[in-house]
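Reviewing the structure listed below.
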Amino acid sequence: MINYRALIILGFSFLFFIALLIRLYSIQIINNEYYLLKAQAQQIKPRIVKAERGMIKDRNGEILCFTRDFFSFYVDTRMMNSNRVDTIAKEFSRVFRKSESYYKKIIENGIRNICIEKKVPVEKALHLKKLIVDGFFYEEDFSRVYPYGKLASHVLGYVDREFKGVSGLEKVFDKKLAGIDGNFVFQRDVLGRIVSIDEKKSKAPKPGNNLILTINKTYQSILEDELSKGLQKYEGESAVGIIMNPNTGEILALANIPDYDPNNYKDYPIDAMRNRAITDTYEPGSTIKSIVFSILFDLNLVKENEIINTENGKYIFRNIRISDSHPYTSLTVKEILEQSSNIGMTKLSTKIPDEIFYKYLRDFGFGNYTSIELPGEAEGTLKRPINFTPYTKAFMSFGYEFSVTPLQIITAYSALINGGKLLKPYIVKAITDEKDSLIEEYKPQVIRNVIRKETSDLMRNLLVGVVENGTGKEAQLDNVLVGGKTGTSQKLVDGSYTSSKHNSSFVGFFPADNPQLICLILVNAPKVGKYGGLVAAPIFKNVAQRILDADLSLAPLRKKINRKNILIDRLITKTNSENYDTKSFMNISESKTKHKEKRRILIENKNVMPNLINHSLRDAIAILNELGVKYKITGIGKIVSQSIEPGTPINHNSICYLQCAINKKVNVIKSN
């Protein structure tokens, strides 16, 4: 009986041994590779290590955006016991000032690996990393930080949870900023604890490159602050501001209000994230008049002192009524720009052939992308000559029937005042590696020459006159001369223009004699002020004054301007008034004027002012040009009054104000 049982046990043992051999043979010989890979998968764990995203800095090295190295701490609940839970809870309670029960509850209710604290700063993580408990581990957890909150948010953009750029420069330069992820290969024991790291198979991450912007943080802060104040003061719906170096195309500041905080982008509506400076188009209104003027002067079609009949502010052009907000009987070409006369622009625009008109506007960059390094840019609209109506050119001459972006306008104005060169606007100055070694540098790029330098110089002077004598007076600074142009355009609502909503704008530059900065301000639908000269110009003035106060290098030789005693023309040019033809556009359809011989005027005494009363306007102008006396004229017809009395010694620093009338029932103009 005993032998029988022993044989049975021996038999089962033998069968078990045979089965074990077969199983071992299967594992070691037949399925060797499969089980080897499975063992390696359990013991050797590769882990992706995220590369640190590059920084974004302003032109002076101020950090506008960086990646902060946080740590997140985890617990493997399968390896926990009461002692380990107590140890972890006690240490975390001490560091974060939370109750021990708070952490115990998280661990006890968790399944597998759970996070007990996320985004822990390095200074706190240092204490927790010293804690050695089985089942307790941590991982690096990068976060994108925008230290100045909303500052330059539409330029910088933001990243999502996966650290992918979603908008702004973060999106456009995502690959350059992201870097290359690395990986660590380490071996674990049966409990999952790290035993060693395989350095041969591991690869360190490569940090992303840094962007150096053309943005000046100080300018950007001032622009955003003044835009916000202006939007509140004038009760507008939104506002855009751009500051550029007109000589290089560098964007020094770009702001939109409303804006958002990239650190907490989910708290803001999508509308606040729209970069209106490049994505939104609008009809530019009177700011386009300067561009049209440059075309006229570049083609030698007008002279600045040429007289135009401005119809006392109301004019019927091809059955369409055109009116001026400030009515004048007649204005010189220069004064048409200063007073922003729509009637004057309508008449002057007929001098420019359609194809040439279109070509110049296209050359100034309208109807085309500027190709700035920001996403979502619109190209605007510009009619081709084949699609012109009889009214198109007239309406375009004062800013309707085509659309532009704010960036296109300020880029065109830069060409207007920098000698005639259209520059590509750019916002990234350089790309460097993690050690700040230069990888790529961006430099000014001339697209084309649009107008002659002589035309540009003249336009710069005329735009100073707009600020000193015309609609831009609210932009005047006390000790630095400013040039610029106002603009007010009605908005399209439901397919028709409304008189209740406007785009109010101003483009200005300073110092006027050597422009270093040009600034555009655009306010959408202000309820207070309405006109660009009353809304955008004051905002520009505040921005310019604060920048001048902050940056003394912009205009080192500043002197208070005495506007009561000094003629503005002498502030900007020493050129004497040119001789000119007196043409009155009584009939807009006339394309030719008969040539008239210049009459010789006998001047008995060139040292005293002659009596000009009852002289024709042509004769009076000829006399004053001969004497070297500057003048301003109102009305049409014969001279009925003069501000400098006959027989008065001539002072070449004075202006003689002449009033003309067809009859003599007019008010006499007195000298100021």
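The values are calculated or read from the model by the stated rules, or taken from the named source; none is laboratory data. Owing to the predicted nature of the structure, the values given are computational and were not obtained by experimental measurement. Every residue, glycine among them, receives a Cβ derived from its backbone with ideal geometry; neighbour counts consider all protein chains shown.
Some notes on this structure:
- Qualifying residue in segment 328-338 (condition: assigned to a loop (DSSP other than H, G, I, E, B), touching a residue at least 40 places away in the same chain (Cβ under 8 Å), in the same structural domain as Met459 (by TED's automatic domain parsing) and within 30 Å of Lys632 (Cα to Cα)): yes
- Flag for Glu474 being surrounded by fewer than 24 Cβ atoms within 10 Å (Cβ to Cβ) and without any contact (Cβ under 8 Å) to a residue 40 or more places away in the chain: no
- Test for Gly157: is it buried (at least 16 other Cβ atoms within 10 Å of the Cβ), farther than 25 Å from Glu377 by Cβ and either touching an Asp or Glu at 6+ places or on another chain (Cβ under 6 Å) or in the same structural domain as Pro375 (by TED's automatic domain parsing) (or both): no
- Entry remark, segment 395-413: residues being within 15 Å of Ser371 (Cβ to Cβ) and of a type in the set (Ser, Thr, Tyr) number 2 in total.
- Qualifying residue in segment 383-397 (condition: closer than 30 Å to Gly168 by Cα, touching a strand residue (DSSP E or B) at 6+ places or on another chain (Cβ under 9 Å) and surrounded by fewer than 20 Cβ atoms within 10 Å (Cβ to Cβ)): no
- Considered as a group, the residues in segment 454-468 that are within 18 Å of Lys303 (Cβ to Cβ) and more than 25 Å from the chain's Cα centre (by Cα) include one that is surrounded by the fewest Cβ atoms within 10 Å (Cβ to Cβ), and that residue is Glu454.
- For segment 600-614, the set of residues classified as modelled with pLDDT under 80 and either under 15 Å from Tyr631 (Cα atoms) or of a type in the set (A, V, I, L, M, F, W, C) (or both) consists of Ile601, Leu602, Ile603, listed by residue number.
- Flag for Asp619 being modelled with pLDDT of 55 or more and either outside the structural domain of Tyr315 (by TED's automatic domain parsing) or assigned to a loop (DSSP other than H, G, I, E, B) (or both): yes
- Pairing each residue of segment 379-391 that is farther than 10 Å from Glu355 by Cβ with any residue that is basic (Lys, Arg), provided the two are 6+ apart or on different chains, yields C-beta distances under 7 Å for Leu382/Arg362; Pro390/Arg318; Tyr391/Arg318.
- Being surrounded by 18 or more Cβ atoms within 10 Å (Cβ to Cβ) and either under 16 Å from the mean Cα position of the chain (by Cα) or without any contact (Cβ under 8 Å) to a residue 60 or more places away in the chain (or both) is not true of Tyr400.
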